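Colleague: Following this message is one structure expressed as structure tokens.
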């Protein structure tokens, strides 16, 4: 399965391909560009002390949700240390319930066309477990 990697300086994430080649100056903080590619896994690197963005949902987030903020909400990384997050693209849902977790509040949102889930997270400098 192909993964894409994003390096997230400050409030943006830079697209990096599998071969480590930059895909131009493309930046993203959410998963909207993969809408409809259900099952696709994407790795996103969140810099330490990243800016919190808007999030909608709990466990399953709208694809316009800020990925690093959702990862901190889910508890797989912290805002202070950042880290790398693995997400999976999912179809849209009819309802996204909000919640407060780890001092971050996500909003409730009605039907939306695309989603993602957080599969894993790791702190900076750590490798994925096999």
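Colleague: Considering only region 42-61, how many residues are within 16 Å of residue 92 (Cα to Cα) and either over 10 Å from the mean Cα position of the chain (by Cα) or not in a strand (DSSP E or B) (or both)? Please lay out each step first, then the result.
Modeller: We begin by selecting, within region 42-61, every residue within 16 Å of residue 92 (Cα to Cα); these are 55-61.
Retained after the next criterion (residues that are either over 10 Å from the mean Cα position of the chain (by Cα) or not in a strand (DSSP E or B) (or both)): 55-60.
Of the residues in that region, 6 qualify.
Colleague: Then there is this: How many residues are more than 13 Å from the chain's Cα centre (by Cα) and part of a strand (DSSP E or B) when one looks only at region 84-103? Full working, then the answer.
Modeller: Our first condition is that a residue be more than 13 Å from the chain's Cα centre (by Cα); within region 84-103, this holds for 91-103.
Still in the running and part of a strand (DSSP E or B): 91-96, 100-101.
Going through region 84-103 one residue at a time, the tally reaches 8.
Here is a yes/no grid of residues against (1) touching a residue at least 40 places away in the same chain (Cβ under 8 Å); (2) buried (at least 16 other Cβ atoms within 10 Å of the Cβ); (3) at positive phi:
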{"position": "71", "(1), (2), (3)": "yes, yes, no"}
{"position": "74", "(1), (2), (3)": "yes, yes, no"}
{"position": "81", "(1), (2), (3)": "yes, no, no"}
{"position": "102", "(1), (2), (3)": "no, no, yes"}
{"position": "123", "(1), (2), (3)": "yes, no, no"}
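Colleague: Among the residues of region 54-87, which ones are out of contact with any strand residue (DSSP E or B) (no Cβ under 7 Å at 6 or more places or on another chain) and over 11 Å from residue 106 (Cβ atoms)? Step through it out loud before you land on a result.
Modeller: Taking region 54-87 and keeping what is out of contact with any strand residue (DSSP E or B) (no Cβ under 7 Å at 6 or more places or on another chain), we get 54, 58, 64, 66, 78-81.
Within region 54-87, 64, 78, 79, 80, 81 qualify.
Colleague: Out of everything in region 63-83 that is touching a helix residue (DSSP H, G or I) at 6+ places or on another chain (Cβ under 9 Å) and outside any loop (DSSP other than H, G, I, E, B), what residue ends up being farthest from residue 123 (Cα to Cα)?
Modeller: Out of the qualifying residues, it is 78.
Colleague: So, in region 108-121, exactly how many residues are over 16 Å from the mean Cα position of the chain (by Cα) and surrounded by 13 or more Cβ atoms within 10 Å (Cβ to Cβ)?
Modeller: Residues of region 108-121 that are over 16 Å from the mean Cα position of the chain (by Cα), as a first pass: 108-113.
Those still in the list that are surrounded by 13 or more Cβ atoms within 10 Å (Cβ to Cβ) too: 109, 112-113.
Residues meeting the conditions: 3.
Colleague: Kindly provide the set of residues from region 107-129 that are in a loop (DSSP other than H, G, I, E, B) and over 23 Å from residue 37 (Cβ atoms), ordered by number.
Modeller: We begin by selecting, within region 107-129, every residue in a loop (DSSP other than H, G, I, E, B); these are 108, 123-129.
Hits for region 107-129 are 108, 123, 124, 125, 126, 127, 129.
Colleague: Go through (1) in contact with a strand residue (DSSP E or B) (Cβ under 7 Å, 6 or more places away or on another chain); (2) modelled with pLDDT under 95; (3) farther than 25 Å from residue 129 by Cβ; (4) surrounded by fewer than 22 Cβ atoms within 10 Å (Cβ to Cβ) for residue 29 and report which single condition fails.
Modeller: (4)
Colleague: Right, here's the next one. Give 92, 53, 98 a once-over and let me know the one that is surrounded by fewer than 18 Cβ atoms within 10 Å (Cβ to Cβ), without any contact (Cβ under 8 Å) to a residue 60 or more places away in the chain and either in contact with a helix residue (DSSP H, G or I) (Cβ under 8 Å, 6 or more places away or on another chain) or within 17 Å of residue 122 (Cβ to Cβ) (or both).
Modeller: Details: 92 fails: either in contact with a helix residue (DSSP H, G or I) (Cβ under 8 Å, 6 or more places away or on another chain) or within 17 Å of residue 122 (Cβ to Cβ) (or both); 98 fails: either in contact with a helix residue (DSSP H, G or I) (Cβ under 8 Å, 6 or more places away or on another chain) or within 17 Å of residue 122 (Cβ to Cβ) (or both).
Of the residues listed, the single one that is surrounded by fewer than 18 Cβ atoms within 10 Å (Cβ to Cβ), without any contact (Cβ under 8 Å) to a residue 60 or more places away in the chain and either in contact with a helix residue (DSSP H, G or I) (Cβ under 8 Å, 6 or more places away or on another chain) or within 17 Å of residue 122 (Cβ to Cβ) (or both) is 53.
The values are calculated or read from the model by the stated rules, or taken from the named source; none is laboratory data. The structure displayed is predicted, hence computed values, not measured ones. Glycine also receives a Cβ, built like all others from the backbone with ideal geometry; neighbour counts cover every protein chain displayed.
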